[in-house]
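This report refers to the structure that appears directly beneath it.
The values are calculated or read from the model by the stated rules, or taken from the named source; none is laboratory data. The model shown is predicted, which means the values in this text are computed figures rather than measured ones. We place every Cβ from the backbone using ideal geometry, glycine too, and count neighbours over all the protein chains shown. Heads up: the accessible areas ignore ligands, DNA and RNA and are worked out on the full protein's heavy atoms, side chains in. Shrake-Rupley method; radii C 1.70, N 1.55, O 1.52, S 1.80 Å.
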Amino acid sequence: MSAALAPAAPAASPVAAGRRRRTRHRRLVVTGLVVTVLALVVVGLCVGERLYSPVDAVRVLLLGERVPGASFTIGTLRGPRVLTGLLAGVAFGMGGAVFQTMLRNPLASPDIIGVSAGASAAAVVAITLLGASGPGVSVVAVVSGLVVAGLIYALSWRRGVQGARLVLIGIAVGAMLDSVINYAMTRAGVYDANEALRWLTGSLNSAFWAGLGPLAAAMAVLVPLLLVVARRLPILQLGDEAAAGLGVRPDRARLALLLVAVALVSVGTATTGPIAFVAFLSGPIAHRLLRGTGSLLVPAGLVGAVLVLAGDLVGQHLLVARFPVGVVTGVLGAPYLLWLLARTNRSGGRL
């Protein structure tokens, strides 16, 4: 009797139901990307001229056991290669997503607006004209990436920064830096030119444990820092006036995001060279997978890792000849860039 008189439970709010549905979808996408990255890591460790089992990889890398053949192949060659590709992909993906989201422009990617070109140009000049090598080249590349990004930001400043103006100035600065690279290559010897080409194509062929340590240490600092400063990214997307009304100083918040994102991209570039279009593609792919809901940073980083690891596997094992990963990602990214420009032109939109 009392059950019959009890009031009916209120129907679930459509807003709350939609929020739960989006949360479930986001968790599903992120979980799928993590599983894909782990699968690519296992394949990268086990597949090559000689096949090894995942158990051998675990025994070599995690348990430190000596396994005939696998200790050298996995422990010395494939292990640092796969881990470097993973970390560099995360760095490029997260850095590119910050630029594209902050400036609300899919073309505002570090490898389009000249930031990666700045790091590469400095590295090539240091190698070919100054005879630098090893960690010194990496330091020069990181510092130069920050300087070039600051220069582009300053040149595009006019009572604030607009995405289209920054993209156009960045493309112009990138073109000038390409001229610097071409000049340095014409003055280089054969050995230095071969070493410098690594910076221009983007490759994991020089990935060893010695270079992985500084990359991992820098990522351990920069990724958490980026996640902290990116909390104000949704507010910046509302516009400067709205952000100021909510108590956020847009210029200071934008500069902090820019510095950390450029540092992340420059660290990745210093280790592998500018792997083409990974920063450019990761954000839009993550946006489509998430259907435009939630922060893009972590999903974009995972997409970047998928692009680098999958591109390296394709370039090493599935083509008639071996190609650096930057060549494979360049083949994927160039058509997307042309499609994006054509779609913008048809819709009468701006850059």
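PRO299 satisfies every condition listed in (1) surrounded by 15 or more Cβ atoms within 10 Å (Cβ to Cβ); (2) at pLDDT 90 or above; (3) over 13 Å from the mean Cα position of the chain (by Cα) except (3). Residue count for segment 246-277, restricted to those that are surrounded by fewer than 19 Cβ atoms within 10 Å (Cβ to Cβ) and either without any contact (Cβ under 8 Å) to a residue 40 or more places away in the chain or under 13 Å from the mean Cα position of the chain (by Cα) (or both): 6. Scanning segment 49-59 for residues that are of a type outside the set (Asp, Glu) and surrounded by 11 or more Cβ atoms within 10 Å (Cβ to Cβ) returns TYR52, SER53, PRO54, VAL55, ALA57, VAL58, ARG59.
Within segment 204-245, if we keep just the residues that are free of Cβ contacts under 8 Å to residues at least 40 places away in the same chain and charged (D, E, K, R), the residue that is least open to solvent (accessible area, probe 1.4 Å) turns out to be ARG232. Within segment 278-294, being open to solvent by 30 Å² or more (accessible area, probe 1.4 Å) and either within 24 Å of VAL42 (Cα to Cα) or assigned to a helix (DSSP H, G or I) (or both) holds for ILE285, HIS287, ARG288, LEU289.
Any residue at all in segment 295-318 that is in contact with a Pro (Cβ under 7 Å, 6 or more places away or on another chain), in a helix (DSSP H, G or I) and in contact (Cβ under 8 Å) with a residue 60 or more places away in the chain? Checked against the condition, which is being in contact with a Pro (Cβ under 7 Å, 6 or more places away or on another chain), in a helix (DSSP H, G or I) and in contact (Cβ under 8 Å) with a residue 60 or more places away in the chain, segment 295-318 yields no hits at all.
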